[in-house]
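Chemist: Provided herewith is a single structure, encoded as structure tokens, for subsequent inquiry.
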Amino acid sequence: MNERGIPSNLLQRMLDRIERTGNRLPHPVPLFALLALIVAIVSALLSQLGMTVAPPGGGAPVAIENLLSGEGIRYIFGSLVDNFMNFAPLGVVLATMIGIGMAERTGLISVLLRGFILSIPKSLITFGLVFAGILSSVAADAGYVVLPPLGAMIFLALGRHPIAGLAAAFAGVSAGYSANLLLSAVDVNLGQLTIEAAGTIDPTYADAMNLAMNYYFIIVSTFFLAVVGTLVSQFVVEPRLGDYRNDEQGGHDRPSTAITAEEKRGMKWAGIALLVTIALLALLVVPPGAPLRGEGGGIVRSPFMDSLAVVLMIVFFVPGLVYGIVIGAIKNDRDVAENLSQTMASMGMFIALAFTAGQFVAWFAESNLGVFMAVYGAQALQAISLGGAPLLILFVLIVGFVNLFIGSASAKWAILAPVFVPIMMQLGYSPELTQMAYRVADSSTNIITPLMPYFALIIAYAQRYDEDIRIGSLISIMLPFSLAFLVFWTLLLIVWMTLGLPLGPGAGIVYGG
């Protein structure tokens, strides 16, 4: 043990090995280019073997398409731009970020998070930190930047260990990333990939899916994880950290967390703008015969559900704009354009990722490798009689492990969805269930991988209160949160699956195609 009482030898060696291995992986952008190249080479090799497979649902046998043949090369060159433009998440994510970026850059999301934390009783402060962290996934950057240091400062002011406050907030922001009371860019991004993967097996089923496919489950998960995180913090993490020595408190920069009168005024008008926006949107959905209702007056299968990305953009953009105008952050149309420009600039890496990922996804589908992997993968799982809860647990463990090395949720799902969504459909499980299992695993292990982009930032925050904090010590602090979220969130999903409850509007557990 080190002087902080944290076992470090075996843990540190394990973490160092994970870090070294993860650092050898290419960045996600060239990684997808490499995967696309591998798909082309494998398609060429397997096509020479003359392998065929009966497609799901019957029909003529399907053969592997050789992407390195003359016809395949013509396809590669002729579809390169289209594969980029047609990459499912590209347009919807960029559109959604127009609204979220406005609310984030004007400071509305930040002040809402601070206001929530400062308004709750001291006895609920831990619950409030975790809960606010989970909600912050609508704008992940704001959550990482605002809540962990705010949690540390609040705990310090209450005479509690500041690292415990930082850890509780970090657990909510990162390990609870896929839960929320609101739909966010996470639902849009992953949902598009899931729908596209489901379409390789059953296009009719995929056409009926919607981006709110996990909404009911993530609402319940928000409160569930906030309770789990609170219990872990109060009964495991905080007692283990012990008392924080008063002589270490001096010299810390402790900026005021109070909300100014100007910010309060901005929140008031942003709230009014939000209510007006929701009322106007409701007029397009609620009345009989409203333009965004579906056939027969339905809402679950309707233009409204198909255009959730646009709805999210408007709901965030209008209050964010009003808030910025009231507090003086936006003075004219040029400021609006500048905010939008900065938001799009921050999405540069995602756009680059979309180009190479778009090629991988398209080539994978064109080669028919997905059909082969779905059929043979389902047969392998059926041969070992793995289904139900054991199958779900195995999938969660696989994703949780992969997440230690590839941090981007969309990057991993772009790789895994074309493989696992069809396999699970072959075994009778819905794409919506597969996506939710992925989200559980992906979120839970975020806080224990040094390769997570914000991990270094959290260490920097923690070192303001304990200069001996390193990678191993931070992961040892966060490991109880990660394990508890992974275990209990998976159990919640298993119970949900057993009861046959819908995961979201029109999103069941069973696939009956």
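The values are calculated or read from the model by the stated rules, or taken from the named source; none is laboratory data. Quick caveat, the model's predicted, so the values are computed rather than measured. All Cβ positions, glycine included, derive from the backbone under ideal geometry; neighbour counts span all protein chains shown. Areas reflect the complete protein model, heavy atoms only, side chains present, ligands, DNA and RNA absent. Shrake-Rupley method; radii C 1.70, N 1.55, O 1.52, S 1.80 Å.
Chemist: Compute the long axis of helix 348-367 from its Cα atoms, compare it with the longest principal axis of the Cα atoms of the chain, and write down the angle in degrees, 0 to 90, nearest 10.
Modeler: With both axes taken from Cα atoms, the answer is about 30 degrees.
Chemist: Using Cα-Cα distances under 8 Å and only pairs 6 or more residues apart, what relative contact order does the chain have, in percent? Don't jump to the answer; show the numbers that get you there.
Modeler: Values: 757 pairs, mean separation 127.2, N = 513.
RCO, the chain: 25 percent.
Chemist: Which whole-Hz ³J(HN,Hα) couplings does region 310-317 yield from phi under the Karplus relation 6.51 cos²θ - 1.76 cosθ + 1.60, θ = phi - 60°, glycine and proline marked x?
Modeler: Working through the residues one at a time gives 5, 4, 4, 4, 5, 5, 8, 5 Hz.
Chemist: Then there's this: Give the longest segment of the chain that steers clear of GluC sites (Glu not before Pro) in DSSP loops with at most 12 neighbouring Cβ atoms within 10 Å, not counting the sites themselves.
Modeler: Numbers: sites that count: 3, 467.
Longest stretch, sites excluded: 4-466.
Chemist: Can you list residues whose amide H is under 5 Å from residue 507's amide H, if they're 5+ apart or on another chain and H is modeled 1.01 Å from N?
Modeler: Sorted by chain and number, the residues that satisfy this come to none at all.
Chemist: With a ≥ b ≥ c taken as the square roots of the eigenvalues of the C-alpha gyration tensor of region 298-411, please select rounded if a/c is under 1.5 and otherwise prolate if a/b is larger than b/c or oblate if it is not? If you can, show how the numbers build up before the last one.
Modeler: Working: a/c = 2.54, a/b = 2.17, b/c = 1.17.
Here region 298-411 falls in the prolate category.
Chemist: What's the carbon and sulfur percent of region 297-346's accessible surface, probe 1.4 angstrom, rounded to a whole number? Walk me through the numbers before you get to the answer.
Modeler: On the way: 1620 of 2490 Å².
In region 297-346, the share of accessible area belonging to carbon and sulfur is 65 percent.
Chemist: Kindly express, to the nearest 10 degrees and within the range 0 to 90, the angle between helix 185-199's C-alpha long axis and the longest C-alpha principal axis of the chain.
Modeler: 10
Chemist: At each listed q (0.12, 0.22 Å⁻¹), what is the log10 of I(q)/I(0) that the Debye formula gives for region 395-513 modelled as equal alpha-carbon point scatterers?
Modeler: So the normalised log intensities are -0.51, -1.20.
Chemist: Also, I was wondering about something else. Find the centroid of the Cα atoms in region 320-383 and in region 430-478, then give the distance between the two in whole Å.
Modeler: 22
Chemist: Moving on. Tell me, what is the per residue accessible area of region 386-513 in Å², probe radius 1.4 Å?
Modeler: Numbers: 3860 Å² over 128 residues.
Dividing the accessible area of region 386-513 by its residue count gives 30 Å².
Chemist: So what is the diffusion coefficient of region 388-439 in µm² per second by Stokes-Einstein at 4 °C and 1.567 mPa s, using a Kirkwood Rh over Cα pairs?
Modeler: Details: Rh = 11.1 Å.
Answer from the Stokes-Einstein relation: 117 µm²/s.
Chemist: Jot down the radius of gyration and Dmax of the chain, Cα atoms only, both in angstrom.
Modeler: Spelled out, the Cα radius of gyration and Dmax of the chain are 23.8, 76 Å.
Chemist: Please state the charge dipole magnitude for the chain, taken about the Cα centre, from unit charges on C-beta atoms (+1 on K and R, -1 on D and E), reported in debye and rounded to the nearest 20.
Modeler: Charge dipole, the chain, about its Cα centre: 700 debye, nearest 20.
Chemist: Considering only lysines 8 or more places apart in sequence, or on different chains, count the pairs in the chain whose C-alpha atoms sit under 26 Å apart. Don't skip to the end; give the middle numbers.
Modeler: On the way: 122/264; 122/268; 264/331; 268/331.
Pairs that pass both the separation and distance tests number 4.
Chemist: For the chain, take the longest principal axis of its alpha carbons; what is the angle in degrees between that and the long axis of helix 471-499, to the nearest 10 within 0 to 90?
Modeler: That helix lies at roughly 60 degrees to the long axis.
Chemist: Also, quick follow-up: Around residue 429, which amide H atoms from residues at least 5 apart in sequence, or from another chain, sit under 5 Å from its own amide H, with H modelled in the peptide plane?
Modeler: 511
Chemist: Now for a different question. Taking only DSSP H segments of four or more residues, each worth -39500 (n - 2.57), what value at 222 nm results for the chain once the sum is divided by all its residues, to the nearest 500 deg cm²/dmol? Working shown, then result.
Modeler: Working: 23 runs with 343 residues, N = 513.
Taken over the chain, the calculation gives -22000 deg cm²/dmol.
Chemist: When the expected Rg is taken as 2.2 N^0.38 Å, what fraction or multiple of it is the alpha-carbon Rg of region 161-240? Provide the component values of the computation, followed by the final result.
Modeler: Details: Rg = 17.0 Å, N = 80, 2.2 N^0.38 = 11.6 Å.
Rounded to two decimals, the normalised Rg is 1.46.
Chemist: Give the residue from 162, 100, 458 lying farthest towards the positive end of the charge dipole for the chain; charges sit on Cβ (+1 for Lys and Arg, -1 for Asp and Glu) and the dipole is referred to the Cα centre.
Modeler: Of the listed residues, the answer is 162.
Chemist: Could you tell me which residue out of 118, 36, 144 lies farthest along the dipole of the chain toward its positive end? Charges go on the beta carbon: Lys and Arg +1, Asp and Glu -1, centred on the Cα centre.
Modeler: Positive-most Cα among the choices belongs to 118.
Chemist: Where does each of 215-221, 324-330 land if you order them by average Cβ count within 10 Å, highest first? Walk me through the numbers before you get to the answer.
Modeler: Numbers: 215-221: 20.4, 324-330: 18.7.
Ranked by mean Cβ neighbours within 10 Å, highest first: 215-221, 324-330.
Chemist: Just need the relative contact order of region 369-513 here, percent rounded to a whole number, with Cα pairs under 8 Å and 6+ apart. Write down the numbers at each step before the final one.
Modeler: Numbers: 133 pairs, mean separation 41.4, N = 145.
Relative CO of region 369-513 lands at 29 percent.
Chemist: Measuring from centroid to centroid over Cα atoms, what is the spacing of region 255-295 and region 57-124 in Å?
Modeler: Going from one Cα centre to the other spans 25 Å.
Chemist: Another question, then. Just check region 93-156 against the gyration tensor rule for me: Cα atoms, a ≥ b ≥ c as the square roots of the eigenvalues, rounded for a/c under 1.5, and otherwise prolate or oblate depending on whether a/b exceeds b/c. Intermediate results must be reported in sequence, preceding the final value.
Modeler: Details: a/c = 2.45, a/b = 2.34, b/c = 1.04.
Prolate.
Chemist: Hey, if you drop one equal point scatterer on each alpha-carbon of region 41-167 and run the Debye formula without solvent, what base-10 log of I(q)/I(0) do you get at q = 0.10, 0.18 Å⁻¹?
Modeler: -0.61, -0.97
Chemist: Counting heavy atoms of the protein chains only and a 1.4 Å probe, report the per residue accessible area for region 151-293 as a whole number of Å². Working shown, then result.
Modeler: Working: 6250 Å² over 143 residues.
Each residue of region 151-293 exposes 44 Å² on average to a 1.4 Å probe.
Chemist: Dipole of region 297-401 (Lys/Arg Cβ +1, Asp/Glu Cβ -1, origin at the Cα centre): which of 376, 351, 395 lies farthest to the positive side?
Modeler: 395
Chemist: May I pose another question? What are the ³J(HN,Hα) couplings of region 321-327, residue after residue, when phi is run through the Karplus curve with 6.51, -1.76, 1.60 and θ = phi - 60°? Round to Hz, x for glycine and proline.
Modeler: These are the phi-based 3J(HN,Hα) values: 5, 4, 4, x, 5, 5, 8 Hz.
Chemist: From a point 7 Å beyond the Cα of residue 219 in the direction of its Cβ, which residues of region 142-183 have a backbone N at a distance under 18 Å?
Modeler: 178-183
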